[in-house]
Amino acid sequence: MLKDFRLFAGPVWRAADWLFFARFAHMEVRLPAAVVAIAAALAAPASQSAPAESAAWPKRPVTIIVPIAAGGGTDLIARAVGEALQEAWQQPVIIKNQAGANGTVGTSMAARAPADGYTLLVGSQGTFAANTCLYKLPYDAEKDFTPAALFAQFNSVFIVRADSPIQSLSDLVRRARAEPGKLTYGITVVGSSAHLGLEMFKSRASINVLGIPYNGSGPASVDLFGGRLDFMLDAINSQYGNIAAGKVRALASTAAIRSTALPDVPTVAEEGYPGFDAVGWAGLYVPAGTPQPIIDKIARTVTEVFATGELQRKLGNKGFEFITTDPQAFAAYDKSERKKWCDVIQQAHIKLE
């Protein structure tokens, strides 16, 4: 019977199969010691080497996918973070911009990457919260990724032209209620934190205003300056220069606390809407299945590089609020933000045309 199986006619890995078969058949088999050792090594769980691999990570270049075009606020921070991580890890960190479909293209690419820590993704409120309710995605934001390190929040601000008769957020609300559907505002990006923050405010303030979609903050700002829009809600980092130059008047910011960039501007909560908090954010994600020691090392390093203050000095104080968390806290925040913004989208009946 043994001769019929021709055990040694094929590759050594067949020894493992033979041993399994022999145990199943209650047969007593004697194999050369070398074959048994090789079979045992091949049958051993791969995870036995994982701790050593994780401890040595990174041993080669790390790629960070940024799923938006170069030049925006998120890209700016991602590049600064990448430079800091490169110095800390003593390995090249490559920033790869992969724009398309409001961040979906680059995020899909990261979802298909090996879970070995060598491909990271910059995820945001748009890609990991809003997009999950705006698109039919080729990936599952919760199941296909693991949050590793939150690193920034983006506060938004209500603005009007410098010569507008609207002097405060209360003035804006009073006028909107007096003229339902007449006031116009610019939507810079559908699904952005500013867009959804305004939808949330409309619900809280019980106002009816007309949103006009634009392809970015620049074109919307031009129409605001020209009097074709009455107001906007936009990221502070996008409007900081216009505010500083006196082209627009800042009415209120949308975070729970005042922006460090605009300390004299009250929050929406201070203007009579307690608990109002609408910010964008960005952080590093890894493909699901990435070893936890690698995730912990990413989070630890991000915290360390921000603790020096060098990144804050490099990026300046223009509406970025730098914040870091451990992976568990980031995961909880990611989940709560997804529910929060999906609820806003559903209640406002926002759909992509």
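Skipping prolines and chain starts, which residues have an amide H placed within reach, meaning under 5 Å, of the one on residue 267, given they are 5 or more residues away or on another chain?
Those qualifying (amide H under 5 Å, at least 5 residues apart or on another chain) are 253.
Starting from the amide H of residue 152, placed 1.01 Å from N in the peptide plane, find each other amide H under 5 Å away whose residue is 5 or more places distant or on another chain.
Distant-sequence amide H within range of residue 152: 282, 323.
Is there a quick way to get the dipole size of the stretch 156-253? I mean about its Cα centre, with the Cβ of Lys and Arg at +1 and of Asp and Glu at -1; what is the value in debye to the nearest 20?
Magnitude of the dipole: close to 200 debye.
What list of ³J(HN,Hα) couplings, whole Hz, do you get for the stretch 189-197 from phi and the Karplus terms 6.51, -1.76, 1.60, once you set θ to phi - 60° and write x for glycine and proline?
Each residue's phi maps through the Karplus curve to give 9, 5, x, 6, 5, 5, 4, 6, x Hz.
Label-point separation (nm) for residue 215 and residue 70, each offset 7 Å from Cα along Cα-to-Cβ?
2.1
Order by neighbour count: 96, 136, fewest other Cβ atoms within 10 Å first, most last.
Sorted ascending by nearby Cβ count, the order is 136, 96.
Among 89, 57, 281, what is the fewest-to-most ranking by other Cβ atoms within 10 Å?
Listed from fewest to most nearby Cβ atoms, that is 89, 57, 281.
Tell me, what HN-Hα J-couplings in whole Hz come from the Karplus equation 6.51 cos²θ - 1.76 cosθ + 1.60 at θ = phi - 60° for each residue of the stretch 335-344, using x for Gly and Pro?
5, 5, 5, 4, 5, 4, 7, 5, 4, 4
Can you run phi through the Karplus equation (6.51, -1.76, 1.60; θ = phi - 60°) for the stretch 78-92 and list ³J(HN,Hα) in whole Hz, with x for Gly and Pro?
4, 5, 5, 5, x, 4, 5, 5, 4, 5, 5, 8, 6, 9, x
Zone of residue 178 (label point 7 Å along Cα→Cβ, backbone N under 20 Å): which residues in the stretch 142-170?
159-170
How far is it, in nm, from the label point at residue 208 to the one at residue 300 when both lie 7 Å from their Cα along the line to the Cβ?
Label-label distance for residue 208 and residue 300, simple model: 5.8 nm.
List the residues whose amide H sits under 5 Å from the amide H of residue 95, counting only those 5 or more places along or on another chain, with H placed 1.01 Å from N in the peptide plane.
Sorted by chain and number, the residues that satisfy this are 64.
Identify, among 218, 240, 159, the residue whose Cα sits farthest towards the positive end of the charge dipole of the stretch 156-253, taking +1 on the Cβ of Lys and Arg and -1 on the Cβ of Asp and Glu, with the dipole about the Cα centre.
Of the options given, the answer is 159.
Coordinate-derived values only; no laboratory data. Predicted model only: the values in this text are computed from it and were never measured. With ideal geometry, Cβ positions are generated from the backbone for all residues, glycine too; neighbour counts draw on all protein chains shown.
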